[in-house]
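Have a look at the structure below before the remarks.
The values are calculated or read from the model by the stated rules, or taken from the named source; none is laboratory data. The model shown is predicted, which means the values in this text are computed figures rather than measured ones. Here the Cβ positions follow ideal geometry from the backbone for every residue, glycine too, while neighbour counts run over all protein chains shown. In case anyone asks, the SASA skips ligands and DNA or RNA and just uses the protein heavy atoms, side chains included. Shrake-Rupley method; radii C 1.70, N 1.55, O 1.52, S 1.80 Å.
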Amino acid sequence: MGEFRILAGFLDLLLSSHPLPLVLVGRFIASVVPGDLDKSSLLLYSLGGALPREPMPSNVTVRLPSLEELEAYALGQWECFLLQLISSSQAEKTTNFSSSMMKVFQRGLLTQRLYFLPNFSPWDKESPRLTESGFQFLLMDTNAQLWYIVREYITNSQDRGVSQADLISFLLELSFHVAGEAYNINTLSDPQRNMIKDFADLGLVKLQQGRKDSWFIPTKLATNLSVSLTESSSRKEVYWLIAFLAHTCMEAPLKAHDFLDCVLKYVGFVVVETNFRMYAYSTSKLHCEILRLFSRIEYQLPNLIVGAITKESLYNAFENGITAEQIISFLQQNAHPRVAERIPSVPENVCDQMRLWESDLNRVEMTLAYFYDEFPSRDIFEAACEYARECGSLLWEDSKRMRLSIKAEIHMNMREFLRAQNN
């Protein structure tokens, strides 16, 4: 039983500020549990959960969405949620999350300044603005963004009367379900039915209603909660997915435009040229808003966004807390398939110039200081300079005109020193 206590403590780390991929949890279980036990079952039982449910028979469910349609639905739901999160006016449709729950998700990502009258009553407020963490959140990959939202959802579950242990248990169970299969909602408890509605808003599941029964269908967003892919394995999965989509199109032909748009939702979509021009093959409003964070959008066609990376657009990004390395990483992770396998996928001159423009902002360091001049004698001036040097606070001196500048923190000490010198 000691192993189970160790396991329980280890799983508590799931609520830490750095959520652990379930792959690591699985490896830990494999190392402490005898090999003749079912590891996945033990993982769920150790959290007080149940085994993954059996899918519903195909003769009971109506036509289920294909994996391609399910992925398009999941990404559409996630994009809708993110647009509502950062700018409700941009979202074409809203989720069912309450305004208080959205504020929980927005905490740390958005800030809003209030203006007060002299009697301290609210007068006006500006529209919410992204914080430094908010800008960095938008440049994360989807799995990292999802973990952030899920962590906030878990952390505040008790305020909604939901046990954190039950919520984590259900999330783990959901991650062991098969994407694309239908599972009966009647097998869920009342708290789980409320959770599943929230998960549908996030794109983790799709809900469907039949004549008698209703069911939920896990998407890849849900099953990927328990996966931590390396870059190389992620590329292999992407190519497998393209092959699958091509096969699907042969059985049920799609228009070329629809097929390309579907593929580019899973693969990268950005092409950056050596002249700093940028082309993004996407119909997503979210993609456009993210690119606008660090580039100048010139025009947008139905499936193409054209822009340029300029010094001014990058300065705006740097002022908002986005670093050059984060922008470069985003462009590399979302590079179009035609350029993704090139080394480098983003031109070197563009990367180097972005780093240089960022370093320009670090050339000047602002320091609060006090300026002294009109010393009564050179001896007092030199004594003041020596005193400032000893304190490590001498910023600048002009021996010819007897002027100097010191850090603000020793201003009062310098006044006392000069007063003593004059006496």
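For the reader, a short list of remarks on this structure follows.
- Whether a residue is under 30 Å from Leu291 (Cα atoms) and either of a type in the set (D, E, K, R) or free of Cβ contacts under 8 Å to residues at least 12 places away in the same chain (or both) was assessed, and Leu356 passes this test.
- For Glu341: the one exception among (1) open to solvent by 90 Å² or more (accessible area, probe 1.4 Å); (2) farther than 26 Å from Asn275 by Cβ: (2)
Every residue, every condition in (1) under 30 Å from Ile322 (Cβ atoms); (2) open to solvent by less than 40 Å² (accessible area, probe 1.4 Å), yes or no:
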| position | (1), (2) |
| --- | --- |
| Gln136 | yes, no |
| Thr142 | yes, no |
| Tyr153 | yes, yes |
| Ser157 | no, yes |
| Gly161 | no, no |
| Leu167 | no, yes |
| Ser175 | no, yes |
| Ile185 | no, yes |
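- Number of positions in segment 365-385 that are more than 43 Å from the chain's Cα centre (by Cα) and closer than 15 Å to Glu416 by Cα: 7
- Residue ID - most open to solvent (accessible area, probe 1.4 Å), chosen from residues in segment 359-395 that are among the polar types (S, T, N, Q) and without any contact (Cβ under 8 Å) to a residue 40 or more places away in the chain: Asn362
- Residues satisfying the stated conditions in segment 203-246, i.e. modelled with pLDDT of 50 or more and either on the phi > 0 side of the Ramachandran plot or in a helix (DSSP H, G or I) (or both): Gly203, Lys220, Leu221, Ala222, Thr223, Asn224, Leu225, Ser226
- The residues in segment 289-302 that are at pLDDT below 90 and more than 19 Å from Ala324 (Cα to Cα) can be counted, and the count is 1.
- So Phe330, is it within 17 Å of Val270 (Cβ to Cβ), modelled with pLDDT under 95, within 21 Å of the chain's Cα centre (by Cα) and not in a helix (DSSP H, G or I): no
- Residue within segment 107-121 that is out of contact with any Gly (no Cβ under 9 Å at 6 or more places or on another chain), under 22 Å from Gln77 (Cα atoms) and either at pLDDT below 75 or surrounded by fewer than 18 Cβ atoms within 10 Å (Cβ to Cβ) (or both) present: yes
- Test: residue in segment 350-359 that is touching a strand residue (DSSP E or B) at 6+ places or on another chain (Cβ under 8 Å), outside any loop (DSSP other than H, G, I, E, B) and modelled with pLDDT of 95 or more: yes
- Candidate set from segment 396-423 (those that are hydrophobic (A, V, I, L, M, F, W, C) and open to solvent by 80 Å² or more (accessible area, probe 1.4 Å)); member that is nearest to Ala369 (Cα to Cα): Trp396
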